[in-house]
Amino acid sequence: MTQPDIKLTTLSNGLRIVTDRVPYVESVVLGVWAGVGTRNEDLSVNGAAHMVEHMLFKGTATRNAREIVEAIENVGGHMNAYTGREVTSYHIHLLKDDLPLALNVLADMVQHSTMLEEEIEQERSVILQEIGMCNDTPDDIIFDHYFETAYPEQALGAPILGTSEIVAAMNREALMSYVKRLYTPSRLVICASGNFDHDDFVRRVENAFTALPEGGNDNKKSASYIGGSERRVPRELEQSHIVLGFQGPSRTSNDYYTAKVLSCLLGGGMSSRLFQEVREKRGLVYSIYSFLSSYSDDGQFGIYAGTSPSQLSELVPVICDEILKLSDGIAEEELARAKAQLRSTTLLARESMMNRADQNARSLLLHGNIRTVKDIIEEINAVNISSLQTLSGKIFSSNPTLAALGPLETLGDFETVKHRLAVG
């Protein structure tokens, strides 16, 4: 099902073009979304996807790195990119009249990147600093520790930035091979949202993207969640950081939106159970929340918290108790509040051209179709107490994974945690 303002055209080579016309704005967001990421790497070159993202900004046969950014910023535009585990994006936001320029720049970057050795060396230094910054940010690096524990020796669990050792040794051949193997028409979506004409955009894309590689194997292996494990990383910090997680639904599961509601209810806002009990009532943390990380064939439902080391021993049992209380019942009022928050988030996102484009492209890459706002709202509205409790029982009966970072002397035994949750 598509919305009247969203159109999809697939070219003869398999390249998909999605447009979302918004006639009342003066701008357009357009970009290239690739249905590949860290998960498509070989572990020996972990970090290649992210390094490729950096290198596509560093020069082509006709533009150097400065000329790429100046082409967009000279007309007041903004360009950016991100690398995920299953999706990579390159996007530009600028005034509608400058769409042809932006499309030309994107096509040049994606198809004609030179990846000169001197540029690789310079960017290698930048990425190593980025890795260092992440390592110095406990509430970031704790998630790398968590996913490496949940998916050991798997690309799905490997850090998106890569490791310092691997990035330091990354060569041009590995980067060029990644692009040639994976940046193929069938794995790319060219997406735009804003004020422009669909047919004109399609013609421009067809003329601009004529040199995409034929590609090869995507290297993607089925996820294998390894529950019942923990990773403790003692460090001298002011706070102790923990992530306690469980196997959750995939992005394509019928339970996906039920899990989104559950996460919102348990730890998605200031009115959530965890925030009220752990922070407001007991004062054990400054930050606590639940999260849902879903992928094409698996997912993780988890809880993050940061606390002072002296309160760590109390914090974990309280979190476990809040999980267990879900089986005691869920009030209609809190269900309604969680669903209202999700509906609001979904609808408010439509006010951002970037969010619209990103949602449409990711939907096509991950689902094979474009999920409309109506579809999403209907799925949120369909969640009820029975489906919540059924899914809650399923999620929290899976073997947990624990990652902990900081002063950990007072953190209880992991077997005790599992026993408290009535697992294993």
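The values are calculated or read from the model by the stated rules, or taken from the named source; none is laboratory data. Keep in mind the model is a prediction, meaning the values are calculated, not measured. Don't worry about glycine lacking a Cβ; one is built from the backbone with ideal geometry, like all the others, and counts go over all protein chains shown.
Within the range 268-312, track down each residue that is of a type in the set (A, V, I, L, M) and in contact with a strand residue (DSSP E or B) (Cβ under 7 Å, 6 or more places away or on another chain). Selection gives LEU274, VAL278, LEU284, VAL285, ILE288, LEU292, ILE303, ALA305, LEU312. Inspect all residues belonging to the range 346-353 and state whether any of them is part of a loop (DSSP other than H, G, I, E, B) and charged (D, E, K, R). Yes: one or more hits. When ARG337, ARG343, ARG350, ARG356 are checked against the criterion of being touching a residue at least 12 places away in the same chain (Cβ under 8 Å) and either buried (at least 21 other Cβ atoms within 10 Å of the Cβ) or not assigned by TED's automatic domain parsing to the domain that holds PHE246 (or both), ARG356 stands alone in meeting it.
This table checks each residue for (1) at pLDDT below 95; (2) in a loop (DSSP other than H, G, I, E, B); (3) loosely packed, with under 14 Cβ neighbours inside 10 Å.
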| residue | (1), (2), (3) |
| --- | --- |
| ALA192 | no, no, no |
| GLU206 | no, no, no |
| GLY215 | yes, yes, no |
| ASN219 | yes, yes, no |
| TYR225 | no, yes, no |
| GLU236 | no, yes, yes |
| LEU244 | no, no, no |
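Residues in the range 149-177 that are under 11 Å from VAL45 (Cα atoms), part of a helix (DSSP H, G or I) and under 20 Å from the mean Cα position of the chain (by Cα): ALA155 only. Being modelled with pLDDT under 95 and buried (at least 19 other Cβ atoms within 10 Å of the Cβ) is the requirement here; does VAL417 meet it? Against the criterion (modelled with pLDDT under 95 and buried (at least 19 other Cβ atoms within 10 Å of the Cβ)), VAL417 qualifies.
The rows are residues; the columns are (1) touching a residue at least 60 places away in the same chain (Cβ under 8 Å); (2) more than 22 Å from MET353 (Cβ to Cβ); (3) loosely packed, with under 15 Cβ neighbours inside 10 Å; (4) over 27 Å from the mean Cα position of the chain (by Cα).
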{"residue": "PHE57", "(1), (2), (3), (4)": "no, no, no, no"}
{"residue": "THR60", "(1), (2), (3), (4)": "no, yes, no, yes"}
{"residue": "GLU73", "(1), (2), (3), (4)": "no, no, yes, no"}
{"residue": "ASN80", "(1), (2), (3), (4)": "no, no, yes, no"}
{"residue": "THR88", "(1), (2), (3), (4)": "no, no, no, no"}
{"residue": "HIS91", "(1), (2), (3), (4)": "yes, no, no, no"}
{"residue": "ASP108", "(1), (2), (3), (4)": "no, yes, no, no"}
{"residue": "THR114", "(1), (2), (3), (4)": "no, yes, no, yes"}
{"residue": "GLU118", "(1), (2), (3), (4)": "no, yes, yes, yes"}
